[in-house]
1. Based on this model, can you work out whether residue 115 counts as within 25 Å of residue 55 (Cβ to Cβ), modelled with pLDDT of 95 or more and surrounded by 19 or more Cβ atoms within 10 Å (Cβ to Cβ)?
2. When the residues of region 158-191 are filtered to those that are modelled with pLDDT under 95 and touching a helix residue (DSSP H, G or I) at 6+ places or on another chain (Cβ under 9 Å), which remaining residue is surrounded by the most Cβ atoms within 10 Å (Cβ to Cβ)?
3. Take region 131-148 and flag every residue that is over 11 Å from residue 170 (Cα atoms) and in contact with a helix residue (DSSP H, G or I) (Cβ under 7 Å, 6 or more places away or on another chain).
4. I need the strands (runs of 3 or more DSSP E) fully contained in region 65-173, keeping only those with at least 1 residues that are over 23 Å from residue 5 (Cβ atoms).
5. From the list 64, 47, 6, which one is surrounded by 16 or more Cβ atoms within 10 Å (Cβ to Cβ), in contact with a helix residue (DSSP H, G or I) (Cβ under 6 Å, 6 or more places away or on another chain) and either modelled with pLDDT of 95 or more or within 17 Å of residue 143 (Cα to Cα) (or both)?
């Protein structure tokens, strides 16, 4: 089982990102589980969502405390207390940022990959919602699920022009990260 924690702020599509990833798992013939954890329910407040993907039914129902990966939709959350908790040595962090991972202030002690997801979404969708771009990049990095499974999950939410734009965004974002970088290796699954 692979466990992923998604950190963002209200209004960034954090919860939708978790549900899309779990739905993509189902579309790929795997099991998926997603659920949010809210604090204050307002735009801009920190929001955490949890995703599990497995090849057999998922019986665990608690929050993800030791994720193999983090997806951070707001770079400002990168150094907030608790965000990196439980991430093992070798765990991967994908951050929505225009900055390079080696710039001052970005170091975390874990492998960090950045993607200007909000900027890509603004160009392609007309709104700076980073979730689709980050999910596409995450799937390209891990090889966990095929990109087409994400497109099928998006097709359950969008139609017509908006689906076409999201599909273009998936392709763009996937091409911007090193494919397979987090496949296998130190990025061990948690069971």
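The values are calculated or read from the model by the stated rules, or taken from the named source; none is laboratory data. All values derive from a computational prediction rather than experimental measurement. Cβ placement follows ideal geometry from the backbone for every residue including glycine, while neighbour counts extend to all protein chains displayed.
1. Criteria not met by residue 115.
2. Among those residues, the one meeting the criterion is 187.
3. Within region 131-148, 145 is the sole residue that qualifies.
4. Strands (runs of 3 or more DSSP E) meeting the threshold: none at all.
5. 6
One line per residue, one yes/no per condition, for (1) surrounded by 15 or more Cβ atoms within 10 Å (Cβ to Cβ); (2) touching a residue at least 60 places away in the same chain (Cβ under 8 Å); (3) in contact with a strand residue (DSSP E or B) (Cβ under 6 Å, 6 or more places away or on another chain):
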position: 25; (1), (2), (3): yes, yes, yes
position: 77; (1), (2), (3): yes, yes, yes
position: 91; (1), (2), (3): yes, yes, no
position: 110; (1), (2), (3): yes, no, yes
